[in-house]
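The values are calculated or read from the model by the stated rules, or taken from the named source; none is laboratory data. Just so we're clear, the structure is a prediction, and the values are computed from it rather than from any experiment. All Cβ positions, even for glycine, are placed from backbone atoms using ideal geometry, and neighbour counts span all protein chains on display. Remember, those area values only see protein heavy atoms, side chains included, never the ligands or the DNA or RNA. Shrake-Rupley method; radii C 1.70, N 1.55, O 1.52, S 1.80 Å.
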Amino acid sequence: MAILVTGGTGYIGSHTVIRLLEKEQEIVIIDNLFNSKLSVIESIEKITQKKVNFYCGDVCNRQMIRDIFMRHNIKSVVHFAGLKAVGESVEKPLIYYHNNIMSTLSLLAVMDEYHCKRLVFSSSATVYQDAKTVLPEQIGTGIIEGKAISEDFPLNATNPYGMTKLMIEQVLRDIYMSDNQWDIVILRYFNPIGAHESGLIGEDPNGIPNNLMPYILEVAKKKRPYLNIFGNDYPTKDGTGVRDYIHVMDLADGHVKALEHMESRCGLKTYNLGTGKGYSVLELVNTFKKVSGVDIPYRITGRRLGDIASCYANPSKAEKELRWKANYSLEDMCRSAWKWATVKNLSFNGDEENV
Ligand code: NAD
Ligand code: UD1
């Protein structure tokens, strides 16, 4: 019996595959390598000393998924495959809707054909409406850290990427309503950072990074002269944005727990995967400086459009029901990210004039 991992050569998928291989699971990966590299398979096999079955292909290709189901006895699926850049999704909504929605529909149809009804789906904290707004009266009133976000917070999306996650979540709820033989776990990730302790795999974004840690790594590697900090006038502890950074290996463990939870039939469940702690941009920068010994020059610039002051999880549901808890510290996250950046000697291809 095998686990099919879509998007398994990507950032979160590859770390999760390692944990699953360590649990002696047979793994089948499908990835079209749009945002990852074939060498990840080699690294996974080197780290675990185990083999994975890899198919280079598109999850939208229903016949290919069928072929995989014909060849392997798939008992459950972890569906990571998807496009994830918020800004790009605003510019290219059709590509995002097509890729993220069509791939999921194809996958679900084939799972249904083969009576494989166990799915873990990668959702995001971006689906929470309340995380997106700081009330005008809150600005300038001192320290307001906001509320920890629980799974029952109102949902809404402000960009096509987030909308695909919301739409897929709805599809999954409808499928479960129509057939309660399905077991579906929706995991809403907060801000994954860090890398496997070996330094052999990690986040490897194309072009100019949008997210904070990949940008810090490029500054640390002297590829970019300084970090732009998007605003220091938020109602947070030091004025910079607060987020719930979670080590990617903790996230990987969350998937293992979700799959274990399904063994005894769970129905449809939704869980936040976060630490429950919020750290500011400056706290992350200072922690990175401390563990790496490398200076990170920065400039305070204006707020980034669409950014929010503070966003962190209430992870108690996952703690209670999945018996999962994030264990790694912010130092661990920074140390492993830096190790990955130095071991891998990341290939950079951004343009300096865009800094
Ligand atoms: P990633 O881009 O590193 O990995 C996704 C993988 O899916 C890539 O290897 C890509 O090549 C593959 N892929 C995309 N479309 C495909 C398709 N149609 N067929 C086959 N392969 C396809 O991203 P990640 O950070 O590992 O994210 C994994 C999942 O988690 C995504 O669904 C993402 O939306 C979600 N998520 C990520 C974050 C984050 O901050 N990284 C936060 C919340 C949710
Ligand atoms: C991003 C995604 C969101 C996703 C979340 C978790 C965007 C616009 N949003 O949000 O959909 O759910 O990750 O994966 O991509 N910052 C800087 N300078 C930088 C980069 C970031 O100051 O160069 C600040 C931001 O203003 C923010 C914090 O760092 O306060 C974290 O930013 P980022 O890593 O982009 O994550 P999110 O904004 O949480």
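How many angstrom lie between the C-alpha centres of segment 291-332 and segment 27-99? Using only Cα atoms, the two centres lie 26 Å from each other. Taking amide H as placed 1.01 Å from N in the peptide plane, Glu26 has its amide H under 5 Å from the amide H of Ile3, each at least 5 places away in sequence or on another chain. Put simply, when 330-341, 106-117 are sorted by average Cβ atoms within 10 angstrom per residue, most first, you get 330-341, 106-117. In this rough spin-label picture, where each label sits 7 Å from Cα along the Cβ direction, the Met102-Gln181 distance is 2.9 nm. Here the convex hull built on the C-alpha positions of the chain has a volume of 127 cubic angstrom per residue.
Rounded to the nearest 500, the helix-only mean residue ellipticity at 222 nm of the chain stands at -10500 deg cm²/dmol, with each DSSP H run of n ≥ 4 adding -39,500 (n - 2.57).
Lys221 exposes around 50 Å² of accessible area when a 1.4 Å probe is run over every protein chain in place.
As a length-normalised measure over Cα pairs under 8 Å and 6 or more apart, the relative contact order of the chain settles at 19 percent. Rounded to the nearest 20, the size of the Cβ-charge dipole of the chain about its Cα centre is 400 debye, with Lys and Arg at +1 and Asp and Glu at -1. Note on the chain: GNM, Cα springs under 10 Å; of Gly274, Gly57, Gly241, the largest mean-square fluctuation is that of Gly57. Residues His79, His98, ordered by accessible area of protein heavy atoms at a 1.4 angstrom probe radius and largest first, appear as His98, His79. The label point for Met167 and the one for Val90, both projected 7 Å from the Cα toward the Cβ, are 1.9 nm apart. Within the straight-line cut-off of under 13 Å between alpha carbons, the aspartates and glutamates reachable from Lys344 are Glu197, Glu203, Asp204, Glu218, sequence neighbours fewer than 8 places apart in one chain being disregarded. The calculated FRET efficiency for the pair Lys50 and Glu283, based on their C-beta separation and a Förster distance of 41 Å, comes to about 0.65. For q values of 0.13, 0.17 Å⁻¹, compute log₁₀ I(q)/I(0) with the Debye formula on a Cα-only model of segment 220-338, without solvent. Debye output, listed in q order: -0.62, -0.92.
Among the GluC sites (Glu not before Pro) in segment 1-75, those placed in a DSSP loop whose Cβ has at most 13 other Cβ atoms within 10 Å are Glu24. Can you tell which of Asp253, Asp152, Asp307 shows the greatest fluctuation in a Gaussian network model of the chain with Cα springs below 10 Å? For the chain, modelled as a Gaussian network with Cα springs under 10 Å, the answer is Asp152. Dipole magnitude for segment 22-83: computed about the Cα centre from +1 point charges on Lys and Arg Cβ and -1 point charges on Asp and Glu Cβ, it is near 120 debye. Comparing Ile308, Ile246, Ile300 in a Gaussian network model of the chain where C-alpha atoms under 10 Å apart are linked, the largest mean-square fluctuation is found at Ile300.
Think of the chain as a dipole: +1 on every Lys or Arg Cβ, -1 on every Asp or Glu Cβ, centred on the Cα centre; then among Leu21, Met177, Ala85, Leu21 lies furthest on the positive end.
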